Amino acid sequence: MNYLDLLKQSAESAGNILCMGLDPVVDALPHPEKDTTHRITDYFAEIFAEMKKRGVRVAAFKPNLGYYAQLDRPMEGKFDGSLALAETIRMIRETFPGTPVILDSKRGDIATSSLNYAKEAFDVWTADCVTISPYMGTDSVMPFAFENKGAYILNRTSNPGGKDLQNKLEQSGEPFYMTVAKTIATWHSEHSGMGAVVGATNLKEFEDIAAYYADREIPLLIPGVGSQGGTAPEVMELMKKVGYPLALARINSSSGLTHPWKKGPAPDDYLERVFAGLNKLTKETAI
């Protein structure tokens, strides 16, 4: 199954286009008596089991590699973060088969190195998709064009500093993010799994890009909802306005879903707080 079909089928199965980011901040999680690996995996296992029990589905999961890798201490022979990520992906596959796993690692290097990073995402971590940077161009991006896999390319990001380069005007007067969008469309014509990261925090830019992509079937990964200030209803409204195919979009929320209290210790009612966010966003992203 190619990546576009996986997106469409998982959106139909979930009934929404919500992407659940899995970015563990260990000190904010319950059960401080457990070792790091089990503190993460047991917590996500509890959430996944309760999701299944309550009939709550999402249309993608997005673990951010950096949150896990920084927990490793390979010089000491310790791989707490990597083991947690491996077990989390295994649980997703087992509990929610057919749901895309997007490895958020934002890779991008010269051709040979990019191929190694692609193998890291797709062969090592068995991800369905990966996030990458377009900065080094075609020979950096196209090594990620694995059969039936996807790659979300940074287009107009949700962070405040994104404007420093992405909003620069070309000599034509066009903003650089639209130049990137047109380049992504060219890469997408060569490999249908190529998509774009477009944040929910800059709605004018979002509307411009979504309108350009609307009839090109270019997948969108949309961060910035929740603690960064974007809202799912605004994004949904704009996509409908420009005729973008909703099933190809994934609206992401991370800490707002998994630990909305942000810092530890976790409150006694942590599970209900998680599901308050999940229930709200699954409704707001319903299709």
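The values are calculated or read from the model by the stated rules, or taken from the named source; none is laboratory data. Given the structure is predicted, the values throughout are model-derived calculations rather than measurements. Because the Cβ atoms are built from the backbone with ideal geometry, glycine has one as well, and the counts that use them run over all protein chains shown. With ligands, DNA and RNA removed, areas are computed over all heavy atoms of the protein, side chains included. Shrake-Rupley method; radii C 1.70, N 1.55, O 1.52, S 1.80 Å.
Numbers for the structure displayed
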{"quantity": "Equivalent ellipsoid semi-axes, the chain, via Cα gyration tensor eigenvalues times 5, rooted, Å", "calculated": "29, 22, 18"}
{"quantity": "10 Å binning of all Cα-Cα separations within the stretch 9-102, expressed as whole percents from 0 upward", "calculated": "16, 47, 28, 8, 1"}
{"quantity": "For the chain: accessible area per residue (Å², 1.4 Å)", "calculated": "43"}
{"quantity": "Pairwise label distance in nanometres, Ile287 with Lys262, each label 7 Å out on the Cα-Cβ vector", "calculated": "3.2"}
{"quantity": "Unit charges at the beta carbon, dipole of the chain: most positive-side option, Thr282, Phe176, Tyr213", "calculated": "Thr282"}
{"quantity": "Label-point separation, Ala214 to Val124 (7 Å along Cα→Cβ), nm", "calculated": "4.1"}
{"quantity": "Under 23 Å from the Cα of Lys106 - lysines, other chains or at least 8 residues apart", "calculated": "Lys62, Lys119, Lys149, Lys163, Lys168, Lys182"}
{"quantity": "The chain - percent of accessible surface contributed by carbon and sulfur, probe 1.4 Å", "calculated": "52"}
{"quantity": "Inter-probe distance in nm under a simple model that places probes 7 Å from Cα toward Cβ, at Glu237 and Lys168", "calculated": "3.4"}
{"quantity": "Set of lysines near Lys78 by C-alpha distance (under 16 Å), chain-local residues within fewer than 8 positions excluded", "calculated": "Lys34"}
